[in-house]
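Report on the structure given below.
The values are calculated or read from the model by the stated rules, or taken from the named source; none is laboratory data. In this text, all values refer to a predicted model and were calculated from it rather than measured experimentally. A quick note on method: Cβ atoms are made from the backbone with ideal geometry, for glycine too, and the neighbour counts reach across all protein chains shown. Accessible surface is based on the protein model in full, side chains and every heavy atom, while ligands, DNA and RNA are left aside. Shrake-Rupley method; radii C 1.70, N 1.55, O 1.52, S 1.80 Å.
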Amino acid sequence: MAEEELQGLARYAYEVGQLKRSKRTGWWLAGIADPESVAEHTFRTALLGYVLALMEGADPDRTAALCLFHDTAETRLGDIPSVGKRYLTQAPAADVVADQVADLPPEVAGPITHLVDEYEAQDSLESRVAKDADKLECLIQAREYEAQGYQDAASWVAPSAASIRTASGRRLAASCRAVPPRQWWKSFVDSYIRPAPPPEPPTGTDESGPSAVAR
């Protein structure tokens, strides 16, 4: 691999790191001052995509990869909330990604481009599962914010659930709506067996005890 291609990869690594600092701006409308980053959203989306793919009989590795790259164009486009999209004309994600990978070696640029194209086209089972994972993650995050006291976040739950297309995704969404966000932790705490308190010190007149020494 040529040095110029390695430098291109380095620039790409720095660029996608911007997603760690880019906020999911729609949550500001729910009054959340410091919402999750795009990268944080991407992590759980990829995990959910892997799980949903197993449930749906899709390729879990490819589905997770689709999830991993589904929002990389936002390093240049930003995260535009739904209330703003009706007023803007946005470049297709595939066009943005083509520019992002232009300096990468072909063996890297090609697969990344294909992943984004497949996700945007929504013509494979894996891409549909990945899209469901994206919506499911939004639903789960809304439930978490609601549990933290941000009641307006509840407005994201029903629309996210309604947009999920796979049977497995709908079933899991229903469970996520029924199970409180902190139940995983509370269940652990409730089942935790605390150690018994130490025994009380003896109260007799043991000749070998401190009273004997004092005498």
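Can you find, among Ala98, Leu66, Tyr14, the residue farthest towards the positive end of the dipole of the chain? Put +1 on the C-beta of Lys and Arg, -1 on that of Asp and Glu.
Working it through, the farthest residue towards the positive pole turns out to be Leu66.
Just checking my list (i) 163; (ii) 113; (iii) 247 against volume of the Cα convex hull per residue in Å³ computed from this structure; which label fits?
Correct label, based on the coordinates given: (iii).
Quick one: angle between helix 38-56 and the longest Cα principal axis of the chain, in degrees between 0 and 90, rounded to 10, please.
90 degrees
Share of region 27-97's accessible area from carbon and sulfur, percent, 1.4 Å? Could you put the intermediate results ahead of the total?
Working: 2140 of 3670 Å².
Of all accessible area on region 27-97, carbon and sulfur atoms account for 58 percent.
Over region 4-56, what relative contact order in percent results from Cα pairs under 8 Å that are six or more residues apart? Display every interim value, and only then the final one.
Values: 26 pairs, mean separation 14.5, N = 53.
In percent, rounded to a whole number, it is 27.
With +1 assigned to the C-beta of every Lys and Arg and -1 to the C-beta of every Asp and Glu, and no other charges, what is the dipole magnitude of the chain about the Cα centre in debye, to the nearest 20?
1080 debye
Students often check this: by mean Cβ neighbours within 10 Å, which of 145-155, 35-45, 52-62 ranks highest, and how do the rest follow?
Top to bottom by mean Cβ count within 10 Å: 35-45, 52-62, 145-155.
Can you list the HN-Hα couplings for region 166-174, worked out from phi with the Karplus curve (6.51, -1.76, 1.60; θ = phi - 60°), rounded to whole Hz and with x for Gly and Pro?
These are the phi-based 3J(HN,Hα) values: 7, 4, 5, x, 5, 5, 5, 4, 4 Hz.
Residue by residue through region 66-82, which ³J(HN,Hα) values in whole Hz follow from phi under the Karplus form 6.51 cos²θ - 1.76 cosθ + 1.60 (θ = phi - 60°), with glycine and proline marked x?
4, 4, 4, 9, 5, 10, 5, 5, 6, 5, 10, 8, x, 9, 8, x, 4
I'd like to know which of Ala158, Ala33, Gly78 lies farthest towards the positive end of the charge dipole of the chain, counting +1 on Cβ of Lys and Arg and -1 on Cβ of Asp and Glu.
The residue sitting farthest along the positive end of the dipole is Ala158.
Just the number please: accessible area per residue for the chain, 1.4 Å probe, all protein chains included, in Å².
Ligands and nucleic acids excluded, the result is 60 Å² per residue.
In a shell of Cβ-Cβ distance under 14 Å around Val108, excluding Val108 itself, what net charge do Lys and Arg (+1) and Asp and Glu (-1) give?
Net charge in that neighbourhood comes out at -4.
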